[in-house]
Amino acid sequence: MAVCLLYRQRMARRPRYYRVELAYDLFDNVSVFCEWGIAGGKGSFAQVTFSNLREASQEADRRRRRAQRKGYARLDRALALV
């Protein structure tokens, strides 16, 4: 449904990513999927399910803002900085 990919590159460290995705499941609930980790490695994963799109969207925005406060940037902007 909707995906936001964030990316963080620091000197002398491998690049990291944080992905937030909204998707409907088979029972018409909305899930927020989050995946994070080191690029090229095995990432970590979390899933939260909501009964409506508004709550799920608010949670996805909270997680995106939290990652941006930690230094992650949208992929298109992060590549422009490198």
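Do we find a residue being of a type in the set (Gly, Ala, Ser) and exposed (fewer than 14 other Cβ atoms within 10 Å of the Cβ) anywhere in the range 24-36? Break it down stepwise before answering.
Taking the range 24-36 as the starting set, the residues that turn out to be of a type in the set (Gly, Ala, Ser) are 31.
Pick out the ones that are also exposed (fewer than 14 other Cβ atoms within 10 Å of the Cβ) and you get none.
So far as the range 24-36 goes, no, none of its residues is of a type in the set (Gly, Ala, Ser) and exposed (fewer than 14 other Cβ atoms within 10 Å of the Cβ).
The residues listed here are Lys70, Lys42; of these, the one that is farther than 17 Å from Val3 by Cβ, touching a residue at least 24 places away in the same chain (Cβ under 8 Å) and either in contact with a helix residue (DSSP H, G or I) (Cβ under 6 Å, 6 or more places away or on another chain) or not hydroxyl-bearing (Ser, Thr, Tyr) (or both) is Lys70. Tyr72 fulfils the conditions (1) aromatic (Phe, Trp, Tyr); (2) surrounded by 13 or more Cβ atoms within 10 Å (Cβ to Cβ); (3) modelled with pLDDT of 90 or more except for a single criterion, (3).
Among the residues of the range 22-39 satisfying the criterion of being touching a residue at least 24 places away in the same chain (Cβ under 8 Å) and assigned to a strand (DSSP E or B), which is farthest from Thr49 (Cα to Cα)?
Here the residue is Ile38.
Checking every residue in the range 50-62 against the condition of being surrounded by 15 or more Cβ atoms within 10 Å (Cβ to Cβ), assigned to a strand (DSSP E or B) and in contact with a strand residue (DSSP E or B) (Cβ under 8 Å, 6 or more places away or on another chain) gives at least one match.
Just one of the numbered conditions (1) surrounded by 12 or more Cβ atoms within 10 Å (Cβ to Cβ); (2) more than 22 Å from Ala73 (Cα to Cα) is not true of Gln47: (2).
The values are calculated or read from the model by the stated rules, or taken from the named source; none is laboratory data. Predicted model, so just to flag it, every value in this text is computed and none were measured. Cβ coordinates were reconstructed from backbone atoms using ideal geometry, including for glycine residues, and neighbour counts include every protein chain displayed.
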